[in-house]
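Mind having a look at this structure? Questions to follow.
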Amino acid sequence: MQAATKSVVSEELRARFARAKNVVVLTGAGVSAESGVPTFRGAGKTAVWKGMPFDVISSGAKLDRDLPAVWEWFNYRRGVLRTLKPNPAHEAIARWQDRFERFTLVTQNVDGLHHAAGSRNVIELHGSVWRARCLTCNSRSDLRASEVVAGVPSCLDCGGVMRPDVVLFGEMLPRGVFEQAAMWAESCDLCFVVGTSAVVYPAAAIPEIARAAGAYVIEVNPERTPLSNICDETLMGKAGEILPLIECTVVIENSKD
Ligand code: BV8
Ligand code: ZN
């Protein structure tokens, strides 16, 4: 194990991980890939739903035109996600939250798997498939509990029409969410970018902010991305294999001290 570990995890990263005080992790769909959640992009393909590229069915414009169609897409995804579990990448990240003085997990994912793995105070830039939001009174409801599997849910408070509590393409992020993530990125000394194609903004700006503030930026992805050039290291591989490897490398290191 030690030999394999050394080839993936550099001395520099081991030392930095061992002494870091403020760590930020940004995740994308790739961190959930080993749980069986299909990614949107990567390996040269783009997710499609009933003939529509996902950034069409997952857009504010589509929701304005055809809310039932958007609900059909999200009801389908909740059905798939309900059977899936966190993988070793989610579990490693959940352990890391107690390793450092300050730890911030920022996710683009809407699948809820970080929470399921035990991560707390997750900054969900794009919301969650497990919540619905009322278009009239803005109240939220938790869809995990309800067996709503089809149609458009009605608000329990006012009877109004509800929408997925997810940020769709062309929609603004919830007020303050990006700013909170950016604030921690500006003061972190280590920033991990895990499983994202880094094409969606403003999320992809988080590692750029960390880098500009002097953080050591590590990308974990089987492929290079537009962010790779600004990262100090790109660990090419699966998050579910690499993240636990980083952790156990440092444990070996510390045990020698
Ligand atoms: C905004 C929720 C201000 C929905 C998502 C024109 C008009 C309007 C807006 C724009 C425009 N042009 C550009 C924009 C801005 C737009 C944007 O960035 N577009 C991109 C595509 C060019 N952004 C927005 O619209 C944002 N809002 O800007 O507001 C505004 C408002 C109006 C007008 C202008 C500006 C809102 C963006 C949020 C969209 N909602 N999700 C849903 O889920 O259905 S984003 C969606 O993409 C997902 O959340 C996903 O997380 C996110 C990013 O994708 P990734 O997470 O990176 O996943 P992806 O599949 O792409 O990549 C997976 C990676 O994992 C790959 O690299 C792969 O190699 C790797 N991988 C695979 N296996 C593994 C792995 N890595 C590790 N381990 C493995 N095992
Ligand atoms: Zn309501």
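Ignoring ligands and nucleic acids, what accessible area does residue 85 show with a 1.4 Å probe (Å², nearest 10)?
About 140 Å², ignoring ligands and nucleic acids.
Under a no-solvent Debye model with one identical scatterer per Cα of region 62-193, what's log10 I(q)/I(0) at q = 0.16, 0.17, 0.19, 0.22 Å⁻¹?
Taking Cα atoms of region 62-193 as identical point scatterers yields -0.89, -0.98, -1.14, -1.35.
Arranged from highest to lowest average of other beta-carbon atoms within 10 Å per residue, in what order do the peptides 212-225, 16-29 appear?
16-29, 212-225
Accessible area per residue, 1.4 Å probe, Å², for region 51-98: what's the number?
Here the per-residue accessible area is 44 Å².
I would also like to ask the following. Calculated from DSSP H runs of 4 or more alone, at -39500 (n - 2.57) each and per residue, what is the 222 nm mean residue ellipticity of the chain, nearest 500?
-10000 deg cm²/dmol
Only Lys, Arg, Asp and Glu count, each charged at its Cβ (+1, +1, -1, -1), so figure out the dipole size of the chain about its Cα centre, rounded to 20 debye.
420
Then there's this: Output ³J(HN,Hα) for region 60-65: one whole-Hz value per residue in order, computed from phi by the Karplus curve 6.51 cos²θ - 1.76 cosθ + 1.60 with θ = phi - 60°, and x for Gly and Pro.
Taking θ as phi minus 60°, the curve returns x, 4, 5, 4, 5, 7 Hz for region 60-65.
Next question. With all protein chains present and a 1.4 Å probe, how do 249, 46 order by accessible area, largest first?
46, 249
Hydropathy at least 0.0 by Kyte-Doolittle, axial extent at least 15 angstrom from the Cα trace: which helices of the chain, defined as entire DSSP H runs, fit?
Membrane-span-like by this criterion, though nothing is claimed about a membrane: 239-256.
Mind listing the Cα extents of the chain along all three principal axes, in Å, largest one first?
62, 33, 32
Related question: So if I take the alpha carbon set of region 129-223, get Rg, then get Rh from the Kirkwood formula, what is the Rg over Rh ratio?
Rg/Rh: 1.11.
Shifting gears a bit: Measuring from centroid to centroid over Cα atoms, what is the spacing of region 113-153 and region 62-96 in Å?
Cα centres, region 113-153 to region 62-96: 9 Å.
Also, I was wondering about something else. So what does residue 154 come to for accessible area, using a 1.4 Å probe and Å² rounded to 10?
Here the residue's solvent-accessible area equals roughly 70 Å².
Using the charge dipole of region 29-139 (Lys, Arg: +1 at Cβ; Asp, Glu: -1 at Cβ; taken about the Cα centre), state which of 100, 130, 75 has its Cα farthest towards the positive end.
Among 100, 130, 75, the one farthest towards the positive end of the dipole of region 29-139 is 75.
Check residue 127: other-chain or 5+ apart residues with amide H under 5 Å from its amide H, H built from backbone geometry?
HN-HN under 5 Å from residue 127: 167.
The values are calculated or read from the model by the stated rules, or taken from the named source; none is laboratory data. The structure presented is a predicted model; accordingly, all values stated were derived computationally and were not measured. Virtual Cβ from ideal backbone geometry, glycine too; neighbours counted across all protein chains shown. These accessible areas exclude ligands, DNA and RNA; they are computed on the full protein's heavy atoms, side chains included. Shrake-Rupley method; radii C 1.70, N 1.55, O 1.52, S 1.80 Å.
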